[in-house]
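What follows is a short report on a single structure.
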Amino acid sequence: MDGMSESVLPFVAAQPLVDHHCHGVLQAGGDLAGMLNEADGDAVADGMPLDSLAGLALRRWCPPLLGLPPHASADSYARRRAELGGQEVRSRFPDAYARALRERVTAPSFGSAVVGFKSIAAYRVGLELDGRRPGDGEVVAAASRWLGGDGGAGGAPPRLADEVLHRFFIWCGADLGLPIQFHVGYGDRDIDLHRCNPLLLTGLLRALEPTGVPVMLLHNYPYHREAGYLAQVFPPVYADLGLATHNVGARATALLGEALELVPLRKFLFSSDAFGLPELYYLGTLLFRRALSAFLAARLDADDMSYADAERVTGLIGAENARRAYRLEA
Ligand SMILES: [Zn+2]
C-alpha cells in the first residue's frame with residue numbers, strides 16, 4: 001500500500017473490506033487502455049482512456065508495485081507489465097486476487113455458496129420495470145417471443161431484452177430471499193444511461209418492500225444522490241459507488257461526499273466492481289480507502305463527528321453493512 005499509510009486514518013487503513021460487487025480477473029492480465037474504463041472501439045484507440053483521472057490514478061499508484069516510480073509513463077508501465085507477464089502482475093495484487101476468488105466462490109457452481117443475485121435489466125430494457133409480478137401466462141408468452149426471435153451472430157440466442165422476463169427473474173430471486181443487486185447508472189455503451197436512473201425503480205421497490213429482500217443499487221453514478229434518497233426511504237435498499245470510485249480517480253473523495261449526503265450510513269457499502277485488470281481491484285480499494293479517510297478526517301477536523309463515530313462508520317461501510325445484508329459469516 002505504497003504511500004497510503006501516512007495519508008490515511010489508521011482505522012480506515014486497517015479496516016478489512018467486503019467487496020460486495022466485483023468480477024473475475026483475466027488470466028492474461030488484460031489490455032490496459034481497453035479495459036480501464038467503460039468505452040470500447042475507437043474510443044479506446046491510442047491509449048485514450050489513460051488520459052483521464054482513472055489513468056492518472058493508475059500511473060500514480062500502480063507503478064511502485066512493479067518496481068517503477070510513481071507517475072511512470074504509460075509506455076514504461078505497459079512495457080514493465082508485459083515483461084513481468086499477467087501472472088506476475090496478479091501475484092503482486094494479493095488483495096485483488098482474494099477478492100476475485102471470492103467472486104468465483106460465490107458463483108453458482110458446484111461446491112460454492114450463492115449469497116445474492118444480480119439483475120442486468122438496466123442493460124437490456126432499462127430500469128422502468130413494472131412493479132407487478134408477471135403471471136405464468138405472460139412469462140410463457142414472453143419466453144416464446146424471445147426464443148422465437150432472430151438470433152445473434154454465430155447462432156447465439158437472441159438478446160434477452162424483454163421487460164417481463166427481467167421482472168420474472170427479479171421476483172424469482174426475491175422468492176429465494178437473497179439480496180438482489182441492480183446495475184444502476186454508469187456502465188459501458190451497451191446501456192442507455194438515461195434509462196438507468198434508479199428513481200425509475202420506485203414502483204418495483206414499493207412492490208418488493210414487503211418481501212424484506214435487500215435491494216442493492218450498484219454503481220449509481222451519476223445518480224448516486226438519487227440512490228441515496230431511495231436507500232433513505234425504502235428500508236431494504238442499499239447503495240454503493242462501485243466502478244465510479246476508480247473511474248473518477250482523485251475526485252473519489254468529492255464523489256463519496258455526495259453519495260453519503262442522504263444514504264443511511266448503515267446502508268452504504270464498499271465495492272470495486274473491478275473487472276479483468278488486476279490494477280482495477282487495487283485502485284478500487286486504494287481510492288476508496290483514501291476517499292473515506294479524507295471524508296472522515298474533514299468531519300473530525302470540523303468536530304462534526306467524534307473519533308469513535310468515525311471508527312464505527314468505517315466498520316459499517318467497509319464490511320458490516322455487507323455482512324448483515326448478505327448474511328455473511330464475520
Ligand atoms: Zn459489475
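Take the residues in the range 196-254 that are among the aromatic types (Phe, Trp, Tyr) and more than 14 Å from the ligand (Cβ to nearest atom); name whichever of them is surrounded by the most Cβ atoms within 10 Å (Cβ to Cβ). Break it down into steps so the answer makes sense when it comes.
Residues of the range 196-254 among the aromatic types (Phe, Trp, Tyr): 221, 223, 229, 234, 238.
Filter again for more than 14 Å from the ligand (Cβ to nearest atom), leaving 223, 229, 234, 238.
On the way: TYR223: 23, TYR229: 18, PHE234: 18, TYR238: 26.
Among residues in the range 196-254 that are among the aromatic types (Phe, Trp, Tyr) and more than 14 Å from the ligand (Cβ to nearest atom), the one surrounded by the most Cβ atoms within 10 Å (Cβ to Cβ) is TYR238.
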Can you work out which of the residues in the range 262-276 that are over 25 Å from GLY24 (Cα atoms), in a loop (DSSP other than H, G, I, E, B) and hydrophobic (A, V, I, L, M, F, W, C) is nearest to the ligand (Cβ to nearest atom)?
VAL263
For the structure I just gave you, tell me whether GLU88 is at pLDDT 85 or above and either over 21 Å from the mean Cα position of the chain (by Cα) or closer than 30 Å to ASN197 by Cβ (or both).
no
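Every residue, every condition in (1) at pLDDT below 85; (2) within 16 Å of the ligand (Cβ to nearest atom); (3) among the charged types (D, E, K, R); (4) not in a helix (DSSP H, G or I), yes or no:
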position: GLY3; (1), (2), (3), (4): yes, no, no, yes
position: VAL8; (1), (2), (3), (4): no, no, no, yes
position: VAL12; (1), (2), (3), (4): no, no, no, no
position: ASP19; (1), (2), (3), (4): no, yes, yes, yes
position: CYS22; (1), (2), (3), (4): no, yes, no, yes
position: GLU38; (1), (2), (3), (4): no, yes, yes, yes
position: MET48; (1), (2), (3), (4): yes, no, no, no
Which condition number in (1) open to solvent by 40 Å² or more (accessible area, probe 1.4 Å); (2) of a type in the set (D, E, K, R); (3) modelled with pLDDT under 80 is the one that GLU128 fails?
(3)
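The values are calculated or read from the model by the stated rules, or taken from the named source; none is laboratory data. These numbers come from a predicted model, not from an experiment. We place every Cβ from the backbone using ideal geometry, glycine too, and count neighbours over all the protein chains shown. When the accessible area is computed, the model is the full protein with side chains, heavy atoms only, and any ligands, DNA or RNA have been set aside. Shrake-Rupley method; radii C 1.70, N 1.55, O 1.52, S 1.80 Å.
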